[in-house]
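The values are calculated or read from the model by the stated rules, or taken from the named source; none is laboratory data. All values reported here derive from a predicted model rather than from experimental measurement. A quick note on method: Cβ atoms are made from the backbone with ideal geometry, for glycine too, and the neighbour counts reach across all protein chains shown.
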Ligand code: PHE
Ligand code: ZN
């Protein structure tokens, strides 16, 4: 049963506010230990507001010192202030200016919401509900206002003063203080407000928009790190050009600033004209950042920039609509990466992410629709479902409408809703209108939780030369949603003839088939193709055109055939994954695998490695076996992660052991002495070489771990060094303690490299890992308030080390719940996120399940938890 129902907020209860704030004039006086905020809010009642309707403003942890209306102080009886806000009991029924003054203590703000300090820099985080920790306000995304911000601060502590929009004034304020005035002409919701004051260095550049306007660009960071911001700047300029070219969207202010801070709860934030970034998503240089870091920085810089149109100019009416901006913007950043790099490789990596992060969420106690209809704590809904599944839904829309139809809808969306706070319904309506289609059923994707299962079986009749595909879909119940409807599934496909080439057909019946796509709208369909001379092998769900689990009656030989002949690179990759998954599932559930099947996979892997037409980045992915979590989820229940771990290691040996010579030759051939470049081709070459190294070590080839140790020692960039470290560290080979110790001292001063050390430390697969993690965390100088450090150590352990996290004795479960309770007293968002690692607990075998349940119930019994953590816990145990 759910408790705390009084906190639950429902979409059906949405109502506009009786008052609106149209203009905001903020005055910040920043001193070393306190900040005083004076707010002048221009407020109007809505046309239909009745006289005597109180004005209820949100507030959180504010110390109020004065309230006035139109300059006249309010009598004590005219207002009420408490922990949740400020109520003006009988405001005037006309436009008026409300003036409040509050005092903040940014130094003690460890939640990192509102105004806080990160390594001395004052900065803000307001999405979703942080602005109420700065001043009393209508802290809801449908209130759009213009902002003017005056900041006064000590010149020595904060020579740099930034806020949204344009700088309109600055000067000396006496007594060692100075001031700056910023104005943002674009009305915006408060969650996009930002301010930064600090002693920062910067790099600058400029971008000229398609219509010829020059935009000044700057990235601010800790002094001395300026040269680590160049890649981020390059990514920003490419993002700006891409959004013009691909979506016709130009930037709209004269200034675009980015600030890198070291304490940040998420990746980055799209505040209007002043993006604030977790510094791990800004800093890159070859010696300390990996290829993955470079790609991530490029992606997130693009993502936050793209929000300027999808999120800022058009924002969300309420937080239930979060995926209106997030799903769409993730789709846009995925497209950017696909255009800048390899589309096929990007698609496969996104599918891997979706399966490892979103599918487990959608199939467990935390499942929720991409557009939820209730929440207790909105911070717990910045999830893989809202982001990644949200992007998949937009991608399906693009697939169904085609590129031109999708663009027509997007154009209409920008034209019609610019300057508004809107909804998923409005978003779908423009696509329906622009294309003359009905999207009623499609909308279910936003409303229904759970990953659908698509089942296919085929048959061929040689006499009538007909080929039949039987398709059916089913979505299992999820918390709060017991019955499910059929979804619209765009299923891209092809039929492949015995010689490996595509087959056509003379006629088709029984379903909606457009060229290379079946659109399944019903619970099931039987589609018959005529004029088929030989039994084809079907390639279904090309490009992973719908986010579903696919079950087929294909044999291992069919799959190996697809791995060789499918024209869709995703299809080839998936076929190899399917072969390997089936073998691993068999072995883990007590059915010994057939040597012939293993040999077939081994040959297919050798062919993939040798294939001259495939690029390195693709091969690096194709040569990877499915992760333990994917194997576990395929088994589906009563899983034993330690057994899966063993089986996967054994499969690695069986498949890649025979390829030792080929792998070693490939490893040598892929070496390069060229200086590091972050481009796609060089990245792909390193990825393949490091994959090959992992396979050599994983299959225990003679001398392999020594080879990894020497790659570690001789590496000239972090990609190669970190890959070797991870390979040795996670397998916990004899060399592991030495290389880890070396890594720790080699980069002592760099916190982002420390994170890498923490991650590898948490991924070690040996029994000693838990004690080592405890020791790391107990060290007196461990930065227990920094989200990056905590996530690197604990997030990696719970999400990526299933065998050790789920030890049957429950020691790791209890360690994590204890740590969560402790972190929760400082930073509830980080605590709640670490706790989500338990979302797989009901799938475990009975002993582990019981151990997890007992740790979770003890945490619940232990007393006062934040709303964030209590909400996750209650849903987990419901
Ligand atoms: N809106 C940010 C993004 O996607 C994420 C974020 C949410 C950051 C909440 C901080 C706080 O792009
Ligand atoms: Zn976003």
**OP:** Within the range 103-126, count every residue that is in contact with a strand residue (DSSP E or B) (Cβ under 6 Å, 6 or more places away or on another chain) and more than 17 Å from residue 197 (Cβ to Cβ).
**Re:** 1
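Does residue 562 satisfy being under 34 Å from the mean Cα position of the chain (by Cα), under 24 Å from residue 476 (Cα atoms) and at pLDDT 95 or above? Give the steps one after another, and end with the answer.
Values: under 34 Å from the mean Cα position of the chain (by Cα): yes; under 24 Å from residue 476 (Cα atoms): no; at pLDDT 95 or above: yes.
No.
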Original post:
Tell me, which residue of the range 116-140 that is surrounded by 23 or more Cβ atoms within 10 Å (Cβ to Cβ), within 16 Å of ligand 2 (Cβ to nearest atom) and not in a strand (DSSP E or B) is nearest to the chain's Cα centre (by Cα)?
Top reply: 127
Original post:
Looking at (1) away from ligand 1 (no atom under 16 Å from the Cβ); (2) on the phi < 0 side of the Ramachandran plot, which is the one condition that is false for residue 300?
Top reply: (1)
Original post:
Residues in the range 286-306: is at least one modelled with pLDDT of 95 or more and within 25 Å of residue 108 (Cα to Cα)?
Top reply: no
Original post:
Would it be correct to say that residue 742 is surrounded by fewer than 22 Cβ atoms within 10 Å (Cβ to Cβ) and within 30 Å of residue 230 (Cα to Cα)?
Top reply: yes
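Looking at the structure I just gave you, is residue 289 touching a residue at least 12 places away in the same chain (Cβ under 8 Å), over 30 Å from residue 31 (Cα atoms) and either away from ligand 1 (no atom under 15 Å from the Cβ) or out of contact with any strand residue (DSSP E or B) (no Cβ under 6 Å at 6 or more places or on another chain) (or both)?
Numbers: touching a residue at least 12 places away in the same chain (Cβ under 8 Å): yes; over 30 Å from residue 31 (Cα atoms): yes; either away from ligand 1 (no atom under 15 Å from the Cβ) or out of contact with any strand residue (DSSP E or B) (no Cβ under 6 Å at 6 or more places or on another chain) (or both): yes.
Against the criterion (touching a residue at least 12 places away in the same chain (Cβ under 8 Å), over 30 Å from residue 31 (Cα atoms) and either away from ligand 1 (no atom under 15 Å from the Cβ) or out of contact with any strand residue (DSSP E or B) (no Cβ under 6 Å at 6 or more places or on another chain) (or both)), residue 289 qualifies.
Suppose the filter is over 30 Å from residue 720 (Cβ atoms), more than 16 Å from ligand 2 (Cβ to nearest atom) and over 19 Å from the mean Cα position of the chain (by Cα); does residue 245 pass it? Quick ask: steps written out before the conclusion?
Working: over 30 Å from residue 720 (Cβ atoms): yes; more than 16 Å from ligand 2 (Cβ to nearest atom): yes; over 19 Å from the mean Cα position of the chain (by Cα): yes.
Yes: the conditions hold for residue 245.
Do the conditions hold for residue 263, that is, is it part of a loop (DSSP other than H, G, I, E, B) and away from ligand 1 (no atom under 13 Å from the Cβ)? Let's see the steps before the verdict.
Values: part of a loop (DSSP other than H, G, I, E, B): yes; away from ligand 1 (no atom under 13 Å from the Cβ): no.
Considered against the rule, which asks whether it is part of a loop (DSSP other than H, G, I, E, B) and away from ligand 1 (no atom under 13 Å from the Cβ), residue 263 comes out as no.
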Original post:
Do we have any residue at all in the range 156-163 that's at pLDDT 95 or above and more than 22 Å from residue 221 (Cα to Cα)?
Top reply: no
Original post:
Which condition does residue 665 not pass, out of (1) at pLDDT 95 or above; (2) in contact with a helix residue (DSSP H, G or I) (Cβ under 9 Å, 6 or more places away or on another chain), if it passes all the others?
Top reply: (2)
**OP:** Give the range 427-461 a look and list any residue that's part of a strand (DSSP E or B) and either out of contact with any strand residue (DSSP E or B) (no Cβ under 7 Å at 6 or more places or on another chain) or free of Cβ contacts under 8 Å to residues at least 24 places away in the same chain (or both), or say none.
**Re:** 459, 461
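For a quick check of your reading: which strands (runs of 3 or more DSSP E) sit entirely within the range 142-201 and have at least 3 residues that are crowded, with 23+ Cβ neighbours inside 10 Å and without any contact (Cβ under 8 Å) to a residue 60 or more places away in the chain?
Numbers: elements: 145-154, 160-163, 166-174, 177-188, 195-198.
In the range 142-201, there are no strands (runs of 3 or more DSSP E) which contain 3 or more residues that are crowded, with 23+ Cβ neighbours inside 10 Å and without any contact (Cβ under 8 Å) to a residue 60 or more places away in the chain.
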Original post:
Tell me, which residue of the range 291-306 that is surrounded by fewer than 24 Cβ atoms within 10 Å (Cβ to Cβ) and away from ligand 2 (no atom under 16 Å from the Cβ) is farthest from residue 148 (Cα to Cα)?
Top reply: 292
Original post:
In the range 594-606, how many residues are surrounded by fewer than 13 Cβ atoms within 10 Å (Cβ to Cβ) and either in a helix (DSSP H, G or I) or in contact (Cβ under 8 Å) with a residue 24 or more places away in the chain (or both)?
Top reply: 2
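Select, from 268, 284, 260, the only residue that is within 15 Å of ligand 2 (Cβ to nearest atom), within 19 Å of residue 218 (Cβ to Cβ) and touching a residue at least 24 places away in the same chain (Cβ under 8 Å).
Numbers: 284 fails: within 15 Å of ligand 2 (Cβ to nearest atom); 260 fails: within 15 Å of ligand 2 (Cβ to nearest atom).
Checking each option against the conditions leaves just 268.
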Original post:
Does the range 307-316 contain at least one residue that is within 11 Å of ligand 2 (Cβ to nearest atom), under 27 Å from residue 783 (Cα atoms) and touching a residue at least 60 places away in the same chain (Cβ under 8 Å)?
Top reply: no
Original post:
Which residues, counting only those in the range 6-44, are surrounded by fewer than 15 Cβ atoms within 10 Å (Cβ to Cβ) and within 14 Å of residue 134 (Cβ to Cβ)?
Top reply: 34
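Does residue 524 satisfy being without any contact (Cβ under 8 Å) to a residue 60 or more places away in the chain, within 30 Å of residue 331 (Cβ to Cβ) and touching a strand residue (DSSP E or B) at 6+ places or on another chain (Cβ under 6 Å)? Walk me through how you get there before you give the answer.
Working: without any contact (Cβ under 8 Å) to a residue 60 or more places away in the chain: yes; within 30 Å of residue 331 (Cβ to Cβ): yes; touching a strand residue (DSSP E or B) at 6+ places or on another chain (Cβ under 6 Å): yes.
For residue 524, the condition - without any contact (Cβ under 8 Å) to a residue 60 or more places away in the chain, within 30 Å of residue 331 (Cβ to Cβ) and touching a strand residue (DSSP E or B) at 6+ places or on another chain (Cβ under 6 Å) - is met.
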Original post:
So which of 376, 407 ends up being out of contact with any strand residue (DSSP E or B) (no Cβ under 6 Å at 6 or more places or on another chain), more than 27 Å from residue 865 (Cβ to Cβ) and either surrounded by 21 or more Cβ atoms within 10 Å (Cβ to Cβ) or in contact (Cβ under 8 Å) with a residue 60 or more places away in the chain (or both)?
Top reply: 407
Subject >> Residue tally, condition away from ligand 2 (no atom under 11 Å from the Cβ) and farther than 19 Å from residue 414 by Cβ, over the range 317-333 >> reply: 3
**OP:** Kindly check whether there is at least one residue in the range 241-257 that is in a helix (DSSP H, G or I) and within 16 Å of ligand 1 (Cβ to nearest atom).
**Re:** yes
Original post:
With respect to residue 224, is the statement that it is free of Cβ contacts under 8 Å to residues at least 60 places away in the same chain and within 16 Å of ligand 2 (Cβ to nearest atom) true?
Top reply: no
Original post:
For the range 372-395, which residues satisfy the criterion of being under 16 Å from residue 835 (Cα atoms), under 12 Å from the mean Cα position of the chain (by Cα) and within 12 Å of ligand 1 (Cβ to nearest atom)?
Top reply: 381, 382, 383
Original post:
Quick one: is residue 366 at negative phi, part of a helix (DSSP H, G or I) and away from ligand 2 (no atom under 15 Å from the Cβ)?
Top reply: no
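Residues are listed down the side, and each one gets a yes or a no for (1) within 28 Å of residue 648 (Cα to Cα); (2) touching a strand residue (DSSP E or B) at 6+ places or on another chain (Cβ under 8 Å):
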residue: 500; (1), (2): no, no
residue: 512; (1), (2): no, yes
residue: 519; (1), (2): no, yes
residue: 533; (1), (2): no, no
residue: 543; (1), (2): yes, yes
residue: 568; (1), (2): yes, yes
residue: 582; (1), (2): yes, no
residue: 586; (1), (2): yes, no
residue: 591; (1), (2): yes, no
